[in-house]
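> One structure follows; several queries about it will come next.
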Amino acid sequence: MFDRYIATFLMGSMLAATAHADSILEFQTTEFGGGKPIVGTVQVATSGSNTRLEIISVTSDEAGGMIYHGDKQEMIILDHANGNYIVINQRQIDELTTNVGAAVTRQSPDSAPARPMTINDLGSHGEVIGISCRNFEVIRGGRKVRELCVSKWDDIHGGQATANAIKAVADFFEGMRRAFAAAGGMEVFDRQQELFEHMKELDGYPLLYRDFSPSGSMRRQTILTGARAESIPPERFNPPRGYQPLDMPASGN
């Protein structure tokens, strides 16, 4: 569940980060490749520097949530099924990277460089909930790995401020990417960092993106489906009452 929805959480937290009032964003995520597609409706609530994601409808038994406190630079991962949560903050990320990074380096001193990507402008436009976006494809190793429909910053509330918010979030999650890579790796962080790079190169925001497998079939899709202003109580950005804290794993074991 964490792997499938963290990218949606990041999209929502970045897009809503500069809203002047509390806001609710909704995304539809679809995961392909495992029989019947897994479809999730994901809700992202934002107030000030706080953001909370909830999976409110999926075609599987998965359910969960995440809370990001921008002022504290910490993420809280909620496990609704078991009534517990894990806090990940910058200090823990630094410790995890330090503790296991050296061991991974000794085991694999030479890592293969990432193959370069080329972004092609497809020369066409789309529209997502009334926001115009331009279509692009990403090519790596001679094959298409991603499609994006990218809006201009000026078409999003906050404009340049949104771009600055993305940089701050990107820096935090780059630390998470390094830490989890050292502890065993999570593809989702690499994928999300690629999306950050696309935003920088294209100077815009992806309202829709699709990832493709080596065979050319679609792996996953995320699209913004709704946005509204709504007053959100502060307690929504805390773990539910009665939930028990768990320690973050110190390694990939």
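> Identify the single condition in (1) within 23 Å of Q28 (Cα to Cα); (2) at pLDDT below 70; (3) touching a Ser or Thr at 6+ places or on another chain (Cβ under 7 Å) that I166 does not satisfy, given that it satisfies every other one.
(3) is the only condition that I166 fails.
> Restricting to the range 202-224, name every residue that is exposed (fewer than 13 other Cβ atoms within 10 Å of the Cβ) and either in contact with a strand residue (DSSP E or B) (Cβ under 6 Å, 6 or more places away or on another chain) or touching a residue at least 40 places away in the same chain (Cβ under 8 Å) (or both). Give the steps one after another, and end with the answer.
Of all residues in the range 202-224, those exposed (fewer than 13 other Cβ atoms within 10 Å of the Cβ) come to 203, 214-217.
Listed by number, the residues that qualify are D203, P214, G216, S217.
> Counting only residues that are part of a loop (DSSP other than H, G, I, E, B) and either open to solvent by less than 70 Å² (accessible area, probe 1.4 Å) or touching a residue at least 24 places away in the same chain (Cβ under 8 Å) (or both), how many does the range 228-242 have?
Number satisfying all stated conditions: 8.
> Would you be able to say whether some residue in the range 102-116 is modelled with pLDDT of 80 or more and over 20 Å from T51 (Cα atoms)?
yes
> Would you please name the residue that is farthest from the chain's Cα centre (by Cα), looking only at residues in the range 130-145 that are charged (D, E, K, R) and over 15 Å from Y205 (Cα atoms)?
Filtering the range 130-145 for residues charged (D, E, K, R) gives 134, 137, 140, 143-144.
Those still in the list that are over 15 Å from Y205 (Cα atoms) too: 140, 143-144.
On the way: R140: 21, R143: 24, K144: 21 Å.
For the range 130-145, the residue satisfying everything is R143.
> May I ask you to list the residues in the range 48-64 that are part of a strand (DSSP E or B) and at pLDDT below 85?
N50, T51, L53, I55, I56, S57, V58
The values are calculated or read from the model by the stated rules, or taken from the named source; none is laboratory data. The shown structure was predicted, so the numbers you read here are calculated from the model rather than taken from an experiment. Glycine gets a Cβ as well: all are built from the backbone with ideal geometry, and neighbour counts include every protein chain shown. Only protein heavy atoms, including side chains, enter the accessible area calculation; ligands, DNA and RNA are left aside. Shrake-Rupley method; radii C 1.70, N 1.55, O 1.52, S 1.80 Å.
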